[in-house]
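*Asks:* Sharing a structure below in structure tokens format, with a few things to ask.
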Amino acid sequence: MKDSVVRGRLLQLLYERRDEGSIPFGRLEQAVPPPGGISRRDWLRAVAQLSEYGLIDWTSLEDKSGMGQLSGFAKINDFGVQAVEGGVAPPSRISESPPATVPKQRKAPVATITSQQRKITQALEKVIAAINQADLSEKEKNAAKSSLRKLLSSKAAAKVLGAGAQSLSKKYFTG
């Protein structure tokens, strides 16, 4: 089966189950098995690709078997939802088999996001992660996060990042 079809089926599954939170994949007890006709290897490769393309949030678990097995939790993110609902073109070919349609009443209004906005948003997520992992006092971390929060709530950020600014604020600074 083509990679694009496997990615499409996986993204659709995560879209349909988006209200469940993070879903286990790989060698975990409750892991989502691949649908018929898709090998476990292709299924997990699609998870890795969708994460790389920024369409899902992936939390990898350490492989304690020493065999390089991929396991973790995946959740569709705002960019992935926009790709499924047609508000933005995905960064890689994703086919649907059979064509998935979203009922009109379930579609949320979606602002399109450009490739540049997505890259800036991803870079800011890396900055936030770096702050959280930095060898700094909580006071210093909070000061840095406060500056980012102010930046993300500014008119300039809204203009440059579009919906990405609001999405980052909601994801990292509201609780």
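*Asks:* Given the peptides 47-58, 9-20, 126-137, arrange them by the average over their residues of other C-beta atoms within 10 Å, most packed first. Write out the running numbers ahead of the final one.
*Replies:* Values: 47-58: 20.5, 9-20: 17.7, 126-137: 11.3.
Order by mean packing, descending: 47-58, 9-20, 126-137.
*Asks:* Which entries in Lys119/Lys145; Lys75/Lys145; Lys75/Lys170; Lys2/Lys171; Lys141/Lys171; Lys119/Lys170 show an alpha-carbon gap greater than 27 Å? Write down the numbers at each step before the final one.
*Replies:* Working: Lys119/Lys145 20 Å; Lys75/Lys145 24 Å; Lys75/Lys170 16 Å; Lys2/Lys171 33 Å; Lys141/Lys171 17 Å; Lys119/Lys170 18 Å.
Where the Cα-Cα span goes over 27 Å, the pairs concerned are Lys2/Lys171.
*Asks:* Using alpha-carbon positions, what is the distance between the centroids of segment 137-159 and segment 1-24, in Å?
*Replies:* 33 Å
*Asks:* Now for a different question. Figure the gain on full extension for Arg45 and Ser60 (residue separation times 0.36 nm, minus the Cα-Cα span) and round it to one decimal in nm. Display every interim value, and only then the final one.
*Replies:* Working: separation 15, 0.36 × 15 = 5.40 nm, distance 1.31 nm.
Taking Arg45 through Ser60 to full extension adds about 4.1 nm, to one decimal.
Values quoted throughout were computed directly from the atomic coordinates according to the rules given, and no laboratory measurement underlies them. Only a predicted model underlies this, so the values are computations on that prediction, with no experimental measurement involved. All Cβ positions, even for glycine, are placed from backbone atoms using ideal geometry, and neighbour counts span all protein chains on display.
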